[in-house]
Amino acid sequence: MSNARVVSTSLGFERPLVTVDVVIFTVIDERLCVLLVRRPDGENEPFPGRWALPGGFVDVDRDASLLACAERKLMAKTGVASPYLEQLGSWGDAKRDPRGWSCTHAYFALIGQPARIGDGDAPAEWLPCELAVRRRLAFDHNGLLNAAIERLRSKVEYTSLPAFLLPEPFTLPQLQRVYEVVLGRALDKSAFRKRMLDADYLEPAGTVTGDHGRSAMGYRLRERERATVFPRGFKSGE
């Protein structure tokens, strides 16, 4: 996109640049990871070669909504549709993009490890969140990433969100481990099992191979449109 600002001929004021960024989480090797892409090199590119969150400009011809844009960007970067996609918030000011006044609408997505990453245009990599937050990301993406991690961890305390980070079917020990990875602390096995089954958001999916090659009951979500909210959060040590 050129450096020229877009002016509304009918209203007579400059339009800001409008983008959508997606913070895409997964769990790899028992670590919460986020997808980063490398910015292109070029004389007119902002933050050339810097790592950033996936995203880009809203395409008024293809994107009927901000959500549609987020879904398109997610599919382009991972090849999958997210089982969970939530709007995180909006950021905008005159300095976040050197090309002009810019606002971005950020989403966060939860997926199992996709078969591929990247869209062929730029290198991409999954990076553990504790490493990603220490990188100097493009634009204001460090702030977006920190906000997404905080939102995810706060909601995990009282919702079923970690289930969206697992391919189905999954076992209860596998689900508990993902909760522990995101929360960063251990949970009591019997209390966790009771909490998950009492919430009635899982349905049996037959016997599967669980941890250490043992047979175990597999589960899948009854509903994938939204996360289940528990009546209370996890207590320390629960």
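The values are calculated or read from the model by the stated rules, or taken from the named source; none is laboratory data. This structure is a prediction, so every number in the text was calculated from the model and none was measured. Note that each Cβ is placed from the backbone with ideal geometry, even for glycine, and that neighbours are counted across all protein chains shown. These accessible areas exclude ligands, DNA and RNA; they are computed on the full protein's heavy atoms, side chains included. Shrake-Rupley method; radii C 1.70, N 1.55, O 1.52, S 1.80 Å.
Picking from Ala186, Pro162, Gln176, whose Cα lies most toward the positive end of the charge dipole for segment 154-198 (charges on Cβ: Lys, Arg +1; Asp, Glu -1)?
Ala186
Treat each spin label as a single point 7 Å out from the Cα along the C-beta direction, and report the Arg15 to Arg232 distance in nm.
Between Arg15 and Arg232, the label points sit 5.2 nm apart.
Using the Cα atoms of segment 31-112 to build a convex hull, what is its mean projected area in square nanometres? Working shown, then result.
Working: hull surface 25.8 nm².
Averaging across all directions leaves 6.5 nm² for the Cα convex hull.
Charges only on Cβ, +1 for Lys and Arg, -1 for Asp and Glu: so what's the dipole of the chain about the Cα centre, in debye to the nearest 20? List each step's numbers first, then the result.
On the way: 33 positive and 31 negative charges, 102 e Å.
Rounded to the nearest 20 debye, it is 480 debye.
Would you please calculate the Kirkwood hydrodynamic radius of segment 56-156 over all C-alpha pairs and express it in Å, rounded to one decimal? Kindly include the intermediate steps, with their values, before the conclusion.
Numbers: mean 1/r = 0.0670 Å⁻¹.
With all distinct Cα pairs of segment 56-156 included, I get 14.9 Å.
How large is the helix-only mean residue ellipticity at 222 nm for the chain, computed as the sum of -39500 (n - 2.57) over DSSP H runs with n ≥ 4, divided by its residue count, in deg cm²/dmol to the nearest 500? Don't skip to the end; give the middle numbers.
Numbers: 5 runs with 55 residues, N = 238.
When only DSSP H runs of four or more count, the value is -7000 deg cm²/dmol.
So, with a 1.4 angstrom probe, what is the percent of accessible area on the chain that is carbon and sulfur? Walk me through the numbers on the way to the answer.
On the way: 6000 of 12360 Å².
For the chain, the apolar C and S fraction of the accessible surface comes to 49 percent.
Please find the FRET efficiency linking Glu225 to Glu180, where r is the Cβ-Cβ separation and R0 is fixed at 25 Å, and quote it to the nearest 0.05. Write down the numbers at each step before the final one.
Numbers: r = 26 Å, r/R0 = 1.03.
The formula returns an efficiency of 0.45 here.
For a label point 7 Å from the Cα of Ala122 along Cα→C-beta, name the residues of segment 30-56 whose backbone N is under 19 Å from it.
34-56
How would you rank 81-88, 58-65, 156-163, highest first, on the average number of other Cβ atoms within 10 Å across their residues?
Numbers: 81-88: 17.4, 58-65: 11.4, 156-163: 20.6.
Going by the mean number of other Cβ atoms within 10 Å, highest first, we get 156-163, 81-88, 58-65.
Work out the length of the dipole vector of segment 114-238 about its Cα centre, built from +1 on the beta-carbon of each Lys and Arg and -1 on the beta-carbon of each Asp and Glu, and round it to the nearest 20 debye. Could you put the intermediate results ahead of the total?
Details: 20 positive and 17 negative charges, 73 e Å.
With Lys and Arg at +1 and Asp and Glu at -1, about 340 debye.
Along segment 123-130, what does the Karplus equation 6.51 cos²θ - 1.76 cosθ + 1.60 (θ = phi - 60°) give for ³J(HN,Hα), rounded to whole Hz, x for Gly and Pro?
Couplings: x, 9, 7, 7, 9, x, 4, 5 Hz.
Computed FRET efficiency, Cβ-Cβ of Lys95 and Asp29, R0 30 Å: what is it to the nearest 0.05? Intermediate results must be reported in sequence, preceding the final value.
On the way: r = 38 Å, r/R0 = 1.25.
Rounded to the nearest 0.05, the efficiency is 0.20.
Positive end of the dipole of the chain, charges at C-beta (+1 Lys, Arg; -1 Asp, Glu), about the Cα centre: which of Leu74, Ala109, Cys33 has its Cα farthest in that direction?
Cys33
Give me the number: length gained by fully extending Glu150 to Glu203, i.e. 0.36 nm times residue separation minus the C-alpha to C-alpha distance, one decimal in nm. Present the calculation step by step, with values, prior to reporting the outcome.
Details: separation 53, 0.36 × 53 = 19.08 nm, distance 2.91 nm.
Residue separation times 0.36 nm, minus the Cα-Cα distance, leaves 16.2 nm.
Evaluate E = 1/(1 + (r/R0)^6) for Asp41 and Leu66, where r is the Cβ-Cβ distance and R0 equals 22 Å; express this FRET efficiency to the nearest 0.05.
0.15
Sorted by average packing, counted as other Cβ atoms within 10 angstrom per residue and highest first, what order do 39-52, 173-186 take?
On the way: 39-52: 13.7, 173-186: 17.3.
Output ranking for 39-52, 173-186: 173-186, 39-52.
Please report the Cα spread of the chain along all three principal axes, rounded to whole Å, starting with the longest.
Principal extents (largest minus smallest coordinate, Cα): 62, 34, 32 Å.
Using the heavy atoms of the protein chains alone and a 1.4 angstrom probe, what is the accessible area of segment 60-174 per residue in square angstrom?
Numbers: 5210 Å² over 115 residues.
For segment 60-174, the per-residue accessible area is 45 Å².
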